[in-house]
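Report on the following structure.
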Amino acid sequence: MDSFREEKVKKFEEFVDLRLKPDLLHAIAQRDKVFEQQKVFSDLKRNIENLEKNGVTCLRTSVNLGSEVYMQADVPDTRHIFVDVGLGFHVEFTWTEALEFISVKEARLARQVEEYTHLVARIKAQIKLVCEGIRELLQIPAE
Amino acid sequence: MADGVPKGTVKPLASLISVEEAQNAAKRVHEAIEEREKEASYIERFITENNNLFKLVHTLPDQLSHPIMVPFGKAAFFPGRLIHTNEFLVLLGDGYYADQTSRQTAEILHRRGNVLESKLESLKAMMLDLQAEASFFESTASEAADGLVEIREDYIEEQPTEQKSESGLSKPNIISDDEECAQAMSRMDVLEKLEEEACSDDEDNDFECSSMFSALKLNDRVQKFMDENRFSAASLGPSSGNCTQTSPSEKSTRTNPDLYKFDGAKAHLVAEDESPCVKAISASGMVKSNVTERPLFLSTSKEGRADCGSKIEEVPTIHHSKKEKDFGDNVGDRPAVNRADHQKAFTGSIVEHSHGMPSKQTSESSDLSQVSSSNAPTKPVSRFKMQKGGR
């Protein structure tokens with residue numbers, strides 16, 4: 001009986017350690033990626049709004065060539081902007097079109113974040129459940 | 001008999017180092033190697049990036065401007081162009097930037113590349129070290145798994161005669177060399193009788209066996225006899241027990257007289273006129289060991305040809321070329337090889353390398369042994385070399 005219980009506990013613990021926890025880590029990493037995207041697009045939105053507000057039509061900026069070596073770059077016309085729409089495609093937008101797209105994109109990203117948050121919560125709940133099961137098996141009184 | 005208690009200890013390697021532990025250690029080292037490999041690949045990526053940038057920095061000033069897509073944040077671009085192509089803003093570290101020309105930037109990148117290369121070199125050296133460590137652990141694990149034993153005997157500096165008696169084998173105490181010879185001789189007689197009993201069905205075979213003996217060869221049968229008769233091993237005690245303590249040359253000089261006697265008692269092969277000279281020579285130092293060999297071989301080969309003609313007749317032709325080659329390559333090694341075989345025969349320790357040797361040895365008889373005796377080495381050859389040669 002004892003050995004059976006030990007076996008069971010071991011199986012549960014393995015399930016938690018080898019299945020649920022990696023899953024949780026993966027879900028959290030995915031969510032972080034979406035957060036990053038959100039930040040990128042909110043930055044872009046702010047920048048475009050700034051350009052609009054200040055009526056900037058030409059721009060001089062520094063380009064990173066790699067390994068933190070920068071070179072000056074000149075943008076003669078800022079009214080047309082190429083925005084990444086996903087899967088490696090960039091679409092040429094005007095400022096207003098870009099802002100429209102960004103708001104749609106942000107909504108989608110927010111939905112994704114919510115999905116991942118749910119997933120994380122579910123996995124955490126499962127871990128908690130299995131841990132409770134182990135506790136019951138070992139007949140340790142609940143706190 | 002000193003005390004009858006073996007001095008040495010024999011422990012299986014597996015009891016000292018558990019196989020699992022060794023394997024675990026090897027696994028851990030392998031993990032460390034993997035980590036280093038990751039680091040190394042990371043650095044390698046930096047290096048290729050650096051090299052690409054180096055080329056880019058060289059080519060950019062060739063034109064006044066380059067049309068590019070200027071990144072605007074991470075998700076957007078503007079069509080634009082690079083201007084001021086000979087001005088670079090280079091990060092020096094810690095948030096400090098410097099305005100540099102193309103050439104200066106190239107120099108900075110070159111220095112960075114050197115640093116990265118040296119880092120990679122040190123990483124690789126570390127990985128080599130770890131790999132050596134891992135292979136050591138693995139070999140230890142496999143050795144332990146194979147049931148290798150560690151034989152350890154404390155070295156106690158004593159008189160040579162006492163040393164013999166305390167060699168760890170239960171053996172009557174022999175004080176003088178003469179007595180030792182007599183003892184060995186009587187043992188050989190017993191051994192011979194046993195062998196004759198076993199081989200009485202086949203005279204030819206028996207003779208061949210004896211000739212193997214006289215040619216100082218070891219084969220399975222001999223080993224079997226020795227195993228069957230512990231006392232025979234005991235009689236060999238002086239040479240076998242001291243294996244770890246005496247140099248090969250010493251050993252061979254000690255075993256040779258025994259051998260000779262054995263040979264004489266065994267098959268009465270040695271001609272009467274040869275024996276005195278051999279004995280006379282065997283009274284003195286190093287060279288003698290090789291000199292004694294010659295009469296032995298001579299007698300063996302003579303008798304061998306007479307009795308079991310066909311077999312031995314063709315053997316010399318087979319081995320002749322090899323022999324000559326060996327002789328040409330390492331004249332000094334040949335006697336050492338013979339001696340190594342003496343050792344084997346009378347330590348009764350390593351059996352497996354001696355299969356198929358007798359015929360070859362018999363063939364080596366006259367001319368070669370003469371050469372070898374004239375080129376007696378003055379220093380012992382390394383054990384590894386001897387084994388190699390003996391094979």
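The values are calculated or read from the model by the stated rules, or taken from the named source; none is laboratory data. Remember, predicted model here, so these are calculated numbers, not experimental data. Here the Cβ is made from the backbone with ideal geometry for all residues, glycine too, and neighbour counts use every protein chain on show. With ligands, DNA and RNA removed, areas are computed over all heavy atoms of the protein, side chains included. Shrake-Rupley method; radii C 1.70, N 1.55, O 1.52, S 1.80 Å.
Testing A:Leu87 on (1) open to solvent by 50 Å² or more (accessible area, probe 1.4 Å); (2) at the interface with chain B (Cβ under 9 Å from one of its Cβ atoms), one condition comes back false. Which one is that?
Only one criterion is unmet by A:Leu87, namely (2).
Tally the residues that are among the hydrophobic types (A, V, I, L, M, F, W, C), open to solvent by 30 Å² or more (accessible area, probe 1.4 Å) and within 16 Å of B:Glu87 (Cα to Cα), restricting the search to segment A:62-84.
1
Could you check segment B:62-97 and list, in sequence order, the residues that are open to solvent by less than 20 Å² (accessible area, probe 1.4 Å) and assigned to a strand (DSSP E or B)?
B:Val70, B:Ala76, B:Phe78, B:Gly80, B:Leu82, B:Phe88, B:Val90 - these are the residues of segment B:62-97 that are open to solvent by less than 20 Å² (accessible area, probe 1.4 Å) and assigned to a strand (DSSP E or B).
Would segment A:53-67 turn up any residue that is within 11 Å of chain B (Cβ to nearest Cβ), assigned to a helix (DSSP H, G or I) and out of contact with any helix residue (DSSP H, G or I) (no Cβ under 6 Å at 6 or more places or on another chain)?
No, segment A:53-67 contains no residue that is within 11 Å of chain B (Cβ to nearest Cβ), assigned to a helix (DSSP H, G or I) and out of contact with any helix residue (DSSP H, G or I) (no Cβ under 6 Å at 6 or more places or on another chain).
Across segment A:98-118, what is the total count of residues that are touching a strand residue (DSSP E or B) at 6+ places or on another chain (Cβ under 9 Å) and away from chain B (no Cβ under 12 Å)? Full working, then the answer.
So in segment A:98-118, the residues touching a strand residue (DSSP E or B) at 6+ places or on another chain (Cβ under 9 Å) come out as A:98-102, A:105.
From what's left, away from chain B (no Cβ under 12 Å): A:100.
Count: 1.
Would it be correct to say that A:Ser42 is facing another protein chain (nearest Cβ under 9 Å) and either at pLDDT 90 or above or open to solvent by less than 80 Å² (accessible area, probe 1.4 Å) (or both)?
No.
Would you tally the residues in segment B:82-112 being of a type in the set (A, V, I, L, M) and more than 7 Å from every other protein chain (Cβ to nearest Cβ)?
Final tally of qualifying residues: 5.
Yes or no: B:Leu120 under 30 Å from B:Arg45 (Cβ atoms), among the aliphatic types (A, V, I, L, M), open to solvent by less than 30 Å² (accessible area, probe 1.4 Å) and modelled with pLDDT under 90?
So B:Leu120 fails the test.
State yes or no: is B:Val29 more than 12 Å from chain A (Cβ to nearest Cβ), in a helix (DSSP H, G or I) and in contact (Cβ under 8 Å) with a residue 24 or more places away in the chain?
Yes: the conditions hold for B:Val29.
Check segment A:14-29 and report whether any residue there is at negative phi, in a strand (DSSP E or B) and open to solvent by 30 Å² or more (accessible area, probe 1.4 Å).
Scanning segment A:14-29, I find no residue that is at negative phi, in a strand (DSSP E or B) and open to solvent by 30 Å² or more (accessible area, probe 1.4 Å), so the answer is no.
Of the numbered conditions (1) more than 7 Å from chain A (Cβ to nearest Cβ); (2) open to solvent by 70 Å² or more (accessible area, probe 1.4 Å), B:Ser41 satisfies every one except a single condition; which is it?
(2)
For A:Val75, state whether it is within 30 Å of B:Val57 (Cβ to Cβ), at the interface with another protein chain (Cβ under 7 Å from one of its Cβ atoms), free of Cβ contacts under 8 Å to residues at least 40 places away in the same chain and touching a Pro at 6+ places or on another chain (Cβ under 9 Å).
Details: within 30 Å of B:Val57 (Cβ to Cβ): yes; at the interface with another protein chain (Cβ under 7 Å from one of its Cβ atoms): yes; free of Cβ contacts under 8 Å to residues at least 40 places away in the same chain: yes; touching a Pro at 6+ places or on another chain (Cβ under 9 Å): yes.
For A:Val75, the condition - within 30 Å of B:Val57 (Cβ to Cβ), at the interface with another protein chain (Cβ under 7 Å from one of its Cβ atoms), free of Cβ contacts under 8 Å to residues at least 40 places away in the same chain and touching a Pro at 6+ places or on another chain (Cβ under 9 Å) - is met.
Have a look at B:Lys55, B:Lys74 and point out the one that is among the basic types (Lys, Arg) and more than 7 Å from every other protein chain (Cβ to nearest Cβ).
Working: B:Lys74 fails: more than 7 Å from every other protein chain (Cβ to nearest Cβ).
When all the criteria are applied, what remains is B:Lys55.
Does segment A:109-143 hold any residues that are surrounded by 15 or more Cβ atoms within 10 Å (Cβ to Cβ) and either among the aromatic types (Phe, Trp, Tyr) or under 20 Å from A:Ser42 (Cα atoms) (or both), and which are they?
A:Leu109, A:Gln112, A:Val113, A:Tyr116
Scan segment A:1-10 residue by residue and report those that are surrounded by fewer than 12 Cβ atoms within 10 Å (Cβ to Cβ) and either in contact with a Ser or Thr (Cβ under 8 Å, 6 or more places away or on another chain) or not aromatic (Phe, Trp, Tyr) (or both).
Answer for segment A:1-10, where residues must be surrounded by fewer than 12 Cβ atoms within 10 Å (Cβ to Cβ) and either in contact with a Ser or Thr (Cβ under 8 Å, 6 or more places away or on another chain) or not aromatic (Phe, Trp, Tyr) (or both): A:Met1, A:Asp2, A:Ser3, A:Glu7, A:Lys10.
(1) surrounded by 15 or more Cβ atoms within 10 Å (Cβ to Cβ); (2) within 14 Å of chain A (Cβ to nearest Cβ): which one isn't true of B:Leu13, the others all being true?
Checking B:Leu13 against (1) surrounded by 15 or more Cβ atoms within 10 Å (Cβ to Cβ); (2) within 14 Å of chain A (Cβ to nearest Cβ), the one that fails is (2).
Checking the conditions here, which among B:Arg81, B:Arg112, B:Arg103 is farther than 21 Å from A:Thr61 by Cα, free of Cβ contacts under 8 Å to residues at least 60 places away in the same chain and either in contact with a Gly (Cβ under 7 Å, 6 or more places away or on another chain) or not acidic (Asp, Glu) (or both)? Spell out how you get there, then give the answer.
Values: B:Arg81 fails: farther than 21 Å from A:Thr61 by Cα; B:Arg112 fails: free of Cβ contacts under 8 Å to residues at least 60 places away in the same chain.
Step by step, each of B:Arg81, B:Arg112, B:Arg103 is checked, and only B:Arg103 is farther than 21 Å from A:Thr61 by Cα, free of Cβ contacts under 8 Å to residues at least 60 places away in the same chain and either in contact with a Gly (Cβ under 7 Å, 6 or more places away or on another chain) or not acidic (Asp, Glu) (or both).
Test A:Leu59 against the stated conditions and say whether it is under 30 Å from B:Thr48 (Cα atoms), open to solvent by 30 Å² or more (accessible area, probe 1.4 Å) and among the aliphatic types (A, V, I, L, M).
Taking the combined requirement at face value, the residue does not satisfy it.
Please go through segment B:98-155 and give me each residue that is among the β-branched types (Val, Ile, Thr), over 23 Å from B:Lys38 (Cα atoms) and in a helix (DSSP H, G or I), ordered by number.
Scanning segment B:98-155 gives B:Thr105, B:Ile108, B:Thr140.
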